[in-house]
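This report refers to the structure that appears directly beneath it.
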């Protein structure tokens, strides 16, 4: 039985060997994608850099509830150590975004029902991939 409703956006970590482990169900999220550009020859025109020079980047703002204390510990440890785990953002009916992310900000707060909610900001540190469903 899943702790996260099938229509919720899910944040998961990709472990060694390619298996994924759900970390949290997200109540709110925003995904910002940026394509690298450079000014072309001082003319004020912008040109996309070649794929060999750089890659698209992603920034995520999200809030939700961890699925377990182990998931909370994994995120907290990655934040404090500056690690960049490979994370997946699964959007039902759309697909899955995957990238290595630095956790730039992490906030916790308590709810009256006893659950611990969080918000975070992520910044991709490598190539961003999308797999449609």
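Evaluation of residue 65 against the conditions (1) surrounded by 14 or more Cβ atoms within 10 Å (Cβ to Cβ); (2) modelled with pLDDT of 95 or more shows that the sole unmet condition is (2).
Any residue in the range 31-48 that is closer than 18 Å to residue 125 by Cα, modelled with pLDDT of 95 or more and under 12 Å from the mean Cα position of the chain (by Cα)? Working first, answer last.
So in the range 31-48, the residues closer than 18 Å to residue 125 by Cα come out as 31-37.
Now drop any that are not modelled with pLDDT of 95 or more, which leaves none.
Taking every residue of the range 31-48 in turn, none turns out to be closer than 18 Å to residue 125 by Cα, modelled with pLDDT of 95 or more and under 12 Å from the mean Cα position of the chain (by Cα).
When we screen 75, 86 for residues that are more than 14 Å from residue 26 (Cβ to Cβ), surrounded by 17 or more Cβ atoms within 10 Å (Cβ to Cβ) and modelled with pLDDT of 95 or more, the only hit is 86.
Of everything in the range 109-128, what is assigned to a strand (DSSP E or B) and loosely packed, with under 13 Cβ neighbours inside 10 Å? Give them in sequence order. Before the answer, list the steps.
So the first thing to find is which residues in the range 109-128 are assigned to a strand (DSSP E or B), and the list is 109-110, 116-124.
Passing the criteria: 109, 110, 116.
More than 19 Å from residue 14 (Cβ to Cβ), at pLDDT below 95 and either touching a strand residue (DSSP E or B) at 6+ places or on another chain (Cβ under 7 Å) or surrounded by 15 or more Cβ atoms within 10 Å (Cβ to Cβ) (or both): is that true of residue 133 in this structure? No.
The values are calculated or read from the model by the stated rules, or taken from the named source; none is laboratory data. Since this is a predicted model, take the numbers as computed values, not measurements. Every residue, glycine as well, gets a Cβ built from its backbone with ideal geometry; the counts of neighbours run over all protein chains shown.
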